2 protein chains.
Amino acid sequence: MNGIALLLIGVVTLAGAVRFMAAASGQADEESAPIYGVKLPANYREWKLIGVNNLLVTGKIDQLRAQLGNDVAIKAFKEGKVPFPDGAMIAAIHWTRVRSEDNSNVLVGPFPGAQSYVVGYSVNVQFMVKDSKKYAATGGWGFADFKGGKPGDKALHETCFPCHAPAKDRDYVFTHYAP
Amino acid sequence: MNGIALLLIGVVTLAGAVRFMAAASGQADEESAPIYGVKLPANYREWKLIGVNNLLVTGKIDQLRAQLGNDVAIKAFKEGKVPFPDGAMIAAIHWTRVRSEDNSNVLVGPFPGAQSYVVGYSVNVQFMVKDSKKYAATGGWGFADFKGGKPGDKALHETCFPCHAPAKDRDYVFTHYAP
């Protein structure tokens, strides 16, 4: 083989190695979540509100939760149509639910016996990302779970799609748009 | 008085009458709330999320609540500074909290005993609008309460500022920015 061919092989190999490393590790200091390869969207906290909810598991979980959507997702929610278009992204933020003494003390004036609860700390943030080609095997959705900015492990991410499967009629999305 | 003077007086009087009627009634089919004269902001539902909370008054109130802020308000929350600048607007949306059978049935899989609650209907929406000149008598804030798009009565609006007075150190704002 001549020198040019060897050079080309060398370049292609090197480029392939770099791409592999980039794909496996994400961008510098940005780790992709397992299986679906979703990176933490930089501005998810600024997305618009879809809905609010509360999850209780006695003795284990007491959370206030909000779902936020990027503009593609919000538009789809407001149109009330499924399936969601490619590019739709939904964030589900989970906080601890804690009693607010200050609020409760104020509210017992007009509302005797009032108990006010607010958010404590952020437990985890979950994402659904629509890409009907890339994620064809899982209804077009990629899933991710982050704690403190770090993605959860592979075993955790194996549970996402089976859990969402019962919502197939709503394009696998549980949350409704709050009025 | 000559004819021109009479004409001018007539025009000024008519213009004044029209302005008075406009100010008293708000724009066509947009009613201002009493005392502070706040109109329902058209796009408040699209403002960004400040925080989420839950109010319980046994037997009376069981609500999930979200506070949303316009860009001026959000910027101030993120900077963590008080007082809020003029133009800041905060919406507090109050929904009923209702049990979701669908969600609960799904979540009892991974979380035995799970109880999931979502929002029902919108009970009312309250606003705080910062204008330190116009609302100098009430800490720079105008207040408003709307049910089904209609403002509440004067008696209700007389309760807003006294209730918020205990939060004077935080520029009369109870809600905190959720992480």
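The values are calculated or read from the model by the stated rules, or taken from the named source; none is laboratory data. This one's a predicted model, so the numbers in the text were calculated from it and none came from an experiment. Positions of Cβ are generated from backbone atoms using ideal geometry, with glycine treated the same way; all protein chains shown enter the neighbour counts.
Out of (1) over 20 Å from the mean Cα position of the chain (by Cα); (2) within 9 Å of chain A (Cβ to nearest Cβ); (3) among the charged types (D, E, K, R), the odd one out for residue B:46 is which?
(1)
Test residue A:107 against the stated conditions and say whether it is within 8 Å of another protein chain (Cβ to nearest Cβ), closer than 30 Å to residue B:159 by Cβ and touching a residue at least 40 places away in the same chain (Cβ under 8 Å).
The answer is no for residue A:107.
Taking the conditions exactly as written (within 12 Å of chain A (Cβ to nearest Cβ), under 15 Å from the mean Cα position of the chain (by Cα) and at pLDDT 95 or above), does residue B:117 satisfy them or not?
No: the conditions fail for residue B:117.
Restricting attention to region A:79-87, does a residue exist that is more than 10 Å from chain B (Cβ to nearest Cβ) and among the aromatic types (Phe, Trp, Tyr)?
yes
Which of the residues that make up region A:129-155 are surrounded by 12 or more Cβ atoms within 10 Å (Cβ to Cβ), farther than 19 Å from residue A:72 by Cβ and free of Cβ contacts under 8 Å to residues at least 40 places away in the same chain?
Result: A:147, single match.
For residue B:59, work out the one condition from (1) exposed (fewer than 14 other Cβ atoms within 10 Å of the Cβ); (2) touching a helix residue (DSSP H, G or I) at 6+ places or on another chain (Cβ under 8 Å); (3) at positive phi it doesn't fulfil.
(2)
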